[in-house]
1. Determine, for 12, 86, the number of other Cβ atoms within 10 Å of each Cβ, and report the residues in order from fewest to most.
2. Only counting other Cβ atoms within 10 Å, I'd like 164, 102, 182, 171 sorted with the fewest neighbours first.
3. I'd like to compare 185-198, 128-141: which one has the highest average count of other Cβ atoms within 10 Å, and what's the full order after that?
4. Helix 62-89 sits at what angle to the longest principal axis of the chain, using alpha carbons and giving 0 to 90 degrees rounded to 10?
5. Can you check how the C-alpha radius of gyration of the chain compares to 2.2 N^0.38 Å, as a plain ratio?
6. To the nearest 500 deg cm²/dmol, what mean residue ellipticity at 222 nm is calculated for the chain from DSSP H runs of n ≥ 4 alone, each contributing -39,500 (n - 2.57), summed and divided by the residues?
7. Convert each backbone phi in the stretch 29-36 into a coupling constant with the Karplus relation 6.51 cos²θ - 1.76 cosθ + 1.60 (shift: θ = phi - 60°), then list the ³J(HN,Hα) values in order as whole Hz, x for Gly and Pro.
8. Sum up the charges of everything whose Cβ sits under 14 Å from the Cβ of residue 103, counting Lys and Arg as +1 and Asp and Glu as -1, but leave residue 103 out.
Amino acid sequence: MVSTTAEAVYSLFDTFLTLGTIVFFVVLGYMLYHLIKHVRAKEVKGRDVELGELPTSEGFPYRLLISIALSATIVTTLIFSTFSTLAYLETPPADALEIRVTAFQWGWEFTYPNGKTVLGEARVPIDRPIKFYVTSRDVFHKFGVLSLGIGIDAVPGKINTYWTVIRVPGTYEVRCFELCGTGHGVMTGRIVAVTEQEFKAWYEGGG
């Protein structure tokens with residue numbers, strides 16, 4: 001994965017997909033088993049089976065208890081996975097590089113801790129935590145970088161935070177994912193991920 005954000009999001013998606021697939025096939029198999037066993041049977045205990053009749057069971061309800069236990073396990077796993085992923089995404093390392101992102105109609109402004117301000121392009125180092133402080137100057141926007149798994153609401157008068165570590169050098173497109181006016185379609189920007197040495201030279205220099 002190109003970023004830790006994408007890793008976390010896709011890992012959570014894989015968990016939901018895997019458990020959902022298991023549940024689907026278990027339920028389908030159980031349904032087909034009883035369909036063949038009871039609906040197609042000509043007689044049950046010496047009498048004809050009526051269409052739509054539910055099968056009866058005798059003795060201790062082991063199957064019911066097993067189904068309840070499995071359901072509780074699956075739901076608990078999904079809840080734990082979701083909240084642990086959210087907690088991870090909301091807790092950046094202390095040494096993260098902090099960048100303020102200000103959305104406006106129709107562009108992006110990036111401000112660094114040393115006061116350097118750039119329009120339309122954020123230059124960041126790879127393999128280092130980056131924390132974004134996102135806000136808006138006018139209307140609602142959404143700071144989105146699909147390839148990095150980033151999506152942050154930009155709300156006037158409010159600052160939302162998000163962090164990630166970009167693993168792969170390259171240029172990643174920034175788009176607004178919130179309909180914000182006539183220029184919404186051209187409200188783009190870039191995140192340029194470079195090596196630590198390249199970033200340091202740019203950050204401390206005038207480029």
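1. 86, 12
2. Values: 164 25, 102 21, 182 8, 171 11.
So the ranking, lowest neighbour count to highest, is 182, 171, 102, 164.
3. Numbers: 185-198: 15.9, 128-141: 19.1.
The peptides rank, most packed first, as 128-141, 185-198.
4. The answer is roughly 0 degrees.
5. Normalised Rg, Cα atoms only: 1.58.
6. Computed ellipticity for the chain at 222 nm equals -11500 deg cm²/dmol.
7. Ordered by residue, 3J(HN,Hα) equals x, 5, 5, 5, 4, 6, 4, 5 Hz.
8. My count for the surroundings of residue 103 gives +1.
Read the figures in this text as sums done on the coordinates, not as results from a lab. Computed from a predicted model, the values in this text were never measured in an experiment. Ideal geometry is used to build each Cβ from the backbone, glycine not excepted, and the neighbour counts take in all protein chains shown.
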